[in-house]
Amino acid sequence: MPSVQSAPERATAMPQPARPTGNALTEAEMQAMAPPDDAPNAVRSVPAPDGPMLTLYNESAYQTGADTWMIDVLAGTPAYITAQLLDAAGEPVVGKTVSITTSRDSPLMTLASSETDEIGEVTFGVRPNQDGEEIVTVRAGEEEAQITLNVIADRARQWQGLDAIDGVLRWETLLESRVRYRQDYTLDVQFSDTVQALEGEVVQLVGFMLPLEATDEQSHFLLVSTPPSCFFHVPGGPAGAVEVFAKRGIEVQWEPVMLSGRFRLVTEQDAGLIYRLEDAELRELKLP
């Protein structure tokens, strides 16, 4: 049965830089991308008796549901996914053909099918060109696993690094917290020490408004790390969004905004959110 797992450190909600665009990865690149055995945030299902386990890895993968995993990627930028096949005893299955397909037939940066190596792994690269969601399916015999690409419009590239302003709380700091969905769809959150120290402090954030009301001015909305390409999905998952309660209504804007307010940790995550900004006010943001 399939599972998906992320690597231990995730620096930012923005997609990782593109890798060289050859027909295949070098051995050194594949070794560097190999996931550690104790990588957190794993979603595992019990394999059939004596059956293999297919696991997908990506250093930027995050959960959006109990068994749903997603990768944020800019349109036109490759996303690399490593598949690992282990037998019932936990030993690598070597020389097994593994294939990949995508729901939008996006171009592949690697072969569409390859055999697992000596550690039971094969790495695929996908370059999506259309913003929105694209499902990537990996198969090894009867085993199948899926992961969804949240493809962000290429125009978002111009906004990368906007939170690297003195006095602004970085999104990469918020993403240090570990979030896992339980089977009942509630959240199990481990806040990092850095984030816990911010509880109750007045902070500044730079991000994009995701309206929650059908009005021109919003007093309750989400602030997200990247321009939302889908209003039903928060880029970066629960750690990549902040629920905002403003002192007064703020006009909806599609360009980035800077807000200041009192930062709160949400310990009851029924709404799927873990951060809150109270008494928020709009501040001047000087765009480059």
Per-region count, segment 188-217, residues at pLDDT 90 or above, farther than 13 Å from W254 by Cα and more than 19 Å from the chain's Cα centre (by Cα):
12
Identify the residue in segment 174-187 that is in a strand (DSSP E or B) and open to solvent by 30 Å² or more (accessible area, probe 1.4 Å) and, among all such residues, is modelled with the highest pLDDT.
R178
Selection over segment 115-126 where residues are more than 12 Å from I81 (Cβ to Cβ) and touching a residue at least 40 places away in the same chain (Cβ under 8 Å) yields a count of 2
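Let's see how each residue does on (1) farther than 29 Å from E255 by Cα; (2) of a type in the set (S, T, N, Q); (3) open to solvent by 10 Å² or more (accessible area, probe 1.4 Å):
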site: I71; (1), (2), (3): no, no, no
site: T82; (1), (2), (3): yes, yes, no
site: D105; (1), (2), (3): yes, no, yes
site: T110; (1), (2), (3): yes, yes, yes
site: V126; (1), (2), (3): no, no, no
site: V138; (1), (2), (3): yes, no, no
site: A145; (1), (2), (3): yes, no, no
site: V151; (1), (2), (3): no, no, no
E118 under 30 Å from V206 (Cα atoms) and either at pLDDT 90 or above or outside any strand (DSSP E or B) (or both):
no
Does any residue in segment 272-286 that is farther than 12 Å from Q204 by Cα and touching a residue at least 40 places away in the same chain (Cβ under 8 Å) come within less than 6 Å, Cβ to Cβ, of a residue that is surrounded by 15 or more Cβ atoms within 10 Å (Cβ to Cβ) and of a type in the set (K, R) six or more places away or on a different chain, and which pairs are these?
none
Which of the residues belonging to segment 153-172 are assigned to a helix (DSSP H, G or I), at pLDDT 80 or above and surrounded by 17 or more Cβ atoms within 10 Å (Cβ to Cβ)?
W171
Neighbours by Cβ (under 7 Å, 6+ apart or cross-chain): first from segment 223-251, in a strand (DSSP E or B); second of a type in the set (V, I, T) and modelled with pLDDT of 80 or more:
L223/V242; L223/V244; A241/V224
Of (1) in contact with a Phe, Trp or Tyr (Cβ under 8 Å, 6 or more places away or on another chain); (2) surrounded by fewer than 16 Cβ atoms within 10 Å (Cβ to Cβ), Q190 satisfies every one except (1)
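Checking the condition open to solvent by less than 10 Å² (accessible area, probe 1.4 Å) and charged (D, E, K, R), which residue from E134, E118 passes?
Details: E118 fails: open to solvent by less than 10 Å² (accessible area, probe 1.4 Å).
The conditions single out E134.
The values are calculated or read from the model by the stated rules, or taken from the named source; none is laboratory data. Computed from a predicted model, the values in this text were never measured in an experiment. FYI the Cβ positions are ideal-geometry reconstructions off the backbone, even for glycines, and counts take in every protein chain you see. Protein only, heavy atoms only, side chains kept; ligands, DNA and RNA dropped before computing areas. Shrake-Rupley method; radii C 1.70, N 1.55, O 1.52, S 1.80 Å.
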